[in-house]
Structure formats: structure tokens, C-alpha cells
Amino acid sequence: MCGIVGYIGPKSVVPVIIEGLRRLEYRGYDSAGIAVGGSPDTPDQLELRRAPGKLRNLEAVIAASPIHGTFGIGHTRWATHGRPTEENAHPHRDGTGTLVVVHNGIVENYLALKQALIAKGHTFQSETDTEIIAHVIQDELELASQTTLSSFAAGGGPASRTLDANESESVLTSQAPERITLDEAVRRAVKRLTGAFAIGVLSAHSPDTLVAARMGPPAVIGIGEGEFFLASDVPGILHHTRNIHFLQDGEVAVLTTSGVTLTDFDNNPLPLKIQRIAWDPIQAEKAGYKHFMLKEINEQPRAVRDTTLGRVSLDTGHVFLPDMLITAEEFRTCTGITIAACGTSWHSGLAGKFMIERLARLPVDVDYASEYRYRDPIPDATMLGLLITQSGETADTIAAQQELIRKGSKTLAICNVVGAAITRAAQGTITTNAGPEIGVASTKAFTAQLTALFLFALYLAQQRGTVTDAESLHYVTELSKIPGKLEEILRAVDDQCAKLAKMFSTSNDFLFLGRGIHYPIALEGALKLKEISYIHAEGYP
């Protein structure tokens with residue numbers, strides 16, 4: 001997933017965007033670009049600067065050819081359609097050069113759209129699917145103008161007659177057809193797209209206006225003091241504001257100097273649902289560690305502690321999950337649980353199966369979320385669905401949740417983001433409280449998910465009467481000791497890990513072996529080695 005940062009406000013726009021993109025570098029990228037409008041020298045133009053490679057290359061381009069403005073948008077791209085070159089970097093222009101788009105996701109029908117636009121005379125400068133979006137918006141603007149002009153001429157207006165000698169040509173100019181607004185053109189354009197997209201759009205004809213739309217990949221709107229932000233993830237703007245609206249599928253946001261308005265794709269007004277993000281911005285920094293991965297490995301004790309905090313009684317052993325709309329009776333009569341998740345969250349779900357079945361004596365199926373809806377599953381109203389996701393915005397996990405709901409099951413969520421899409425559709429949520437995870441490979445989020453799953457398993461067991469009070473107290477007491485044990489281990493094994501890494505650094509294949517609940521841990525260990533080192537590794541029972 002690539003990085004998007006947009007800004008409208010009183011600050012110098014270029015440093016805000018570059019800083020935000022740098023905070024999103026953990027996502028990975030191979031090119032970067034920025035578009036800026038509102039320059040006093042060129043008020044009717046958008047200035048673009050793009051470069052392949054890292055952000056420092058883009059900064060060098062800007063230093064050689066400076067740009068200034070009052071609003072803008074930037075992007076870091078990971079190539080999907082086309083090579084990582086300057087012409088394929090975002091933002092992309094339309095055919096007039098006055099409108100630009102940045103985009104995360106994939107437009108599945110871009111070839112059909114491209115062919116239709118070429119037939120209309122459009123020419124393209126890149127190999128990307130994103131450039132097509134800019135041209136589709138341009139097409140909608142032109143179609144609206146043509147339709148208005150045609151209907152005006154057919155009705156006998158000035159466009160259908162010649163001027164007499166005393167009339168000024170300004171008569172026609174003053175009564176020329178109005179263009180539709182930029183946001184209306186975006187709403188019409190996105191209805192023509194098939195696939196997944198989070199987009200930001202600027203136009204030189206709509207100064208101090210930034211339009212965003214979402215269908216699939218995450219996007220957030222930041223509400224500051226007289227300034228407004230768009231980003232693909234919270235860390236990109238967290239240094240400026242903690243007031244965030246998580247853009248939902250089918251929503252269009254219009255950011256101007258006076259505020260943010262929200263509609264659906266049919267232009268029906270929607271309310272802003274602002275969440276106050278509790279993460280400290282310092283949590284999104286390296287905090288003295290050499291890299292984010294090392295920092296997040298060492299944040300695991302805190303993540304376990306924060307996920308447990310306030311949810312257990314060390315006096316009685318009782319577990320408290322207040323964000324539950326499912327009754328104790330429904331938990332008692334539940335006939336089974338389906339866990340759906342992807343990647344690391346799927347591995348935590350496999351471990352959760354052992355916990356739930358052992359403690360609550362309830363059968364559990366664990367599905368890879370992207371496959372769930374394709375196997376014609378048979379949940380019902382007596383079963384529960386449990387969705388596990390770090391972001392709460394994973395498209396495949398949302399689709400699995402929708403399938404569970406459609407088949408009559410209530411759903412629960414284990415998620416790291418308050419107010420994310422999956423939590424709003426669920427009848428109960430356990431927030432993991434891991435904080436922002438910057439490193440590419442999940443670490444503390446996985447540990448926090450295991451903690452949340454243990455809490456849920458024990459809570460379920462208590463509701464179903466499958467554990468005694470003494471057993472509950474024992475489990476909760478042991479759980480409270482985990483953060484301290486993790487801290488001790490992390491201090492003790494640092495040198496050992498470095499020696500082992502050096503010893504095995506020339507090996508080409510690794511097998512991670514585990515029995516029982518340690519099998520999913522073996523799968524996760526193999527995944528981590530592959531993600532971080534690109535060395536082949538497999539997990540086996």
C-alpha cells in the first residue's frame with residue numbers, strides 16, 4: 001500500500017507533504033511526487049515534481065526547481081502498472097494538464113476505459129491505471145459542458161443564433177454553460193471505475209479544494225485548526241492533528257479552506273464522524289532504536305500490558321469486555337465460531353482456535369478471509385464470526401464479515417484502530433491498543449492479538465461456565481506476569497540473537513517446526529523471516 005498526503009491550510013504546503021510522506025515510508029515505495037496549486041506566480045496552474053527512487057530524489061528535484069502554494073497533494077508509489085519511472089510516478093495529469101490525481105489501489109477495468117477515451121481523442125503519458133482516473137474525471141467535466149451547451153442551443157438560447165451588429169460577444173461569454181463542480185465530476189467518475197481505489201484530486205480551476213474518494217484502500221481525513229489533511233494512514237498527519245475521520249467505502253470528502261464536507265457517491269450528505277486518536281506522535285518515531293522493527297519488537301511488553309489493562313480483575317479472575325452487544329445468553333447458546341483473517345492475523349486466529357476450544361469448549365473454524373466467501377460457507381444465527389485485523393480496513397476481511405452477516409451470524413472484531421470499518425459493523429470489539437505499527441512486518445500487533453484472543457477465550461469460558469473461579473484467577477494472574485517475562489527475555493537474548501543471525505546468515509532455507517498451538521507460531525516465524533530477509537522459509541507441524 002502506497003502513501004498519500006494532502007494539505008490545505010495556512011502553512012507552507014511542500015514541507016507538510018514531504019514530512020507526511022516520510023512518515024509513511026514504512027509502507028515501501030519506488031517513486032514519489034507532489035502537485036501544488038495556489039502559487040502567487042502561477043495561480044491558474046498546478047506545479048508537478050516527480051522522481052523515481054526515494055524521497056530524497058524528489059527533494060533534490062524540488063530544490064533544483066522550487067515550488068510554492070496554498071494547497072497540494074503528494075504520493076509515494078509502489079509500482080503495479082508500469083515501471084518505477086518519473087512518467088509513471090504520481091500525481092498524474094488529465095489531458096488538459098490542469099487536473100491531477102493520486103491513487104492507491106487497482107482499477108480493474110482501466111484498459112476498457114483507456115480504449116474508450118483514446119477513441120475520444122485522449123492521449124496518455126504513462127503506463128499506469130491511475131492516469132485513466134484523471135482522464136475519466138476530465139471526460140465527465142467535458143460531457144457535462146457539452147450536454148449543457150447542446151440543451152441550451154436546442155432551446156433557442158444565444159448559442160443557437162448569430163449576433164446582430166449591436167450585440168457584444170460578451171453576451172455569449174456571460175451565458176456560456178457552467179461547468180459542474182470538481183467533486184461532482186469525481187462522484188460521476190468513480191461510478192465508472194471497477195476495482196479498488198483511494199484517490200485525491202486537485203484542479204487548477206478549483207483553487208484551495210482537495211477532493212478525496214474511497215472504495216477499498218484506507219484513507220483518513222484530518223481536522224486541524226484552520227487546516228485540513230488527507231492521508232492514506234494516520235501516522236502521515238498525526239504530528240498535525242489527532243482529530244481523524246476514517247473515510248468509508250462510497251464516501252467523497254471535499255476539503256477547502258473553510259472545512260470538510262462529506263457525501264456518498266450519489267451526493268447525499270453524510271456526517272463527519274471524528275475520532276480522537278490517542279496515540280502519542282512519538283510512538284510513530286524510532287525512539288532511539290536503529291529501526292522501527294527493533295523498536296516494535298521491544299514494544300511488545302507494553303502492547304500486552306495495554307491490551308490487558310482494565311479488562312481483568314486480579315482479585316476475582318473475571319474478564320470484562322464492555323464493548324459487547326452480544327448477551328451472555330447468546331454466548332451460552334452459541335454453537336460455533338468462525339474466525340476470518342489474513343496474513344499475520346490469520347496466524348493469530350489459528351492460535352486462538354486452540355485457546356477458545358480448550359477454555360470455552362466450543363468448535364472453531366479458521367478461514368483465510370480472502371477465501372471465505374468463495375467456498376459457500378454455512379454459518380447461521382447460532383454461530384459467531386470473529387474478524388481479526390490490525391487496521392480494521394482490510395478489504396478481504398470486511399468482505400468475509402459481510403458474508404457472515406448475510407448468512408445470519410453476528411460478528412465480533414479484534415482490531416487496533418478505534419472506529420475502523422470492521423468495528424462499526426461488529427456487535428462487539430476488543431481493541432488491541434498496540435499503537436501505530438510502522439515496521440513492515442507485524443510484531444507487537446501479533447502479540448496484542450494473541451492477548452486479545454486469550455482474553456476473549458477466557459471471557460467466553462466464563463460466560464459458558466466451562467472454567468471455575470479458581471482456574472480463571474490462575475489464568476489472569478499468569479497473564480499479568482507476561483509483560484515482565486517478555487521484558488526479561490528481550491533483555492537476555494539480544495546478544496544470542498545477533499550470534500545466531502551471524503551463524504545462519506549464509507543459509508538459504510529454513511524450516512520452522514511447532515506442535516499444537518506452536519504450529520501457528522512456526523508459520524508466523526517463517527513469514528517474518530521471509531518478509532524481513534527474503535530468505536525462503538516454511539512453517540510445518
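Numerical summary
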| item | result |
| --- | --- |
| Placed amide H near residue 414: partners under 5 Å, 5+ positions off or other chain | 387, 388, 389, 430 |
| Accessible-area ranking of 346, 78, 279, largest first, probe 1.4 Å | 78, 346, 279 |
| Accessible area (Å², per residue) of the chain, counting only protein heavy atoms and a probe of 1.4 Å | 45 Å² |
| Approximate spin-label separation residue 273-residue 83, in nm, with each point projected 7 Å along Cα-to-Cβ | 4.5 nm |
| Carbon and sulfur %, accessible surface of region 344-422 computed with the full protein complex present, 1.4 Å | 54 percent |
| Cut-off under 5 Å, modelled amide H: who pairs with residue 38 long-range | 45, 70 |
| Over region 297-388 - Rg/Rh using Cα atoms and the Kirkwood inverse-distance radius | 1.00 |
| Calculated FRET value between residue 314 and residue 498, using beta carbons and R₀ = 25 Å, to 0.05 | 0.10 |
| Area accessible to solvent at residue 503, 1.4 Å probe radius, in Å² | 120 Å² |
| Kyte-Doolittle mean at least -0.5, axial Cα span of 18 Å or more - DSSP H helices of the chain | 130-154, 343-360, 444-464, 469-492, 518-533 |
| Computed [θ] at 222 nm, deg cm²/dmol, the chain (DSSP H ≥ 4; -39,500 (n - 2.57); rounded to nearest 500) | -11500 deg cm²/dmol |
| Amide H contacts of residue 219 (H built 1.01 Å from N, under 5 Å, at least 5 apart or other chain) | 247 |
| Chain lengthening between residue 127 and residue 294 when straightened (0.36 nm per residue, less Cα-Cα) | 56.4 nm |
| DSSP beta bridges in the chain [antiparallel fraction, %, rounded to 5] | 70 percent |
| Share of carbon and sulfur in the accessible heavy-atom surface of region 83-137 [1.4 Å probe, %] | 54 percent |
| Flagged links, alpha-carbon separation over 31 Å, of 407/481; 499/530; 273/528; 295/502; 410/485 | 407/481; 273/528; 410/485 |
| Of every Cα-Cα pair in the chain, the percent that sits beyond 37 Å | 39 percent |
| The chain, relative contact order in percent, only Cα pairs under 8 angstrom and at least six apart counted | 11 percent |
| Efficiency of FRET between residue 264 and residue 506 - r from beta-carbon atoms, R0 60 angstrom, step 0.05 | 0.60 |
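The values are calculated or read from the model by the stated rules, or taken from the named source; none is laboratory data. Given the structure is predicted, the values throughout are model-derived calculations rather than measurements. Note that we place each Cβ from the backbone using ideal geometry, even for glycine, and neighbour counts take in every protein chain shown. What goes into the accessible areas is simple: the full protein's heavy atoms, side chains included, and nothing from ligands, DNA or RNA. Shrake-Rupley method; radii C 1.70, N 1.55, O 1.52, S 1.80 Å.
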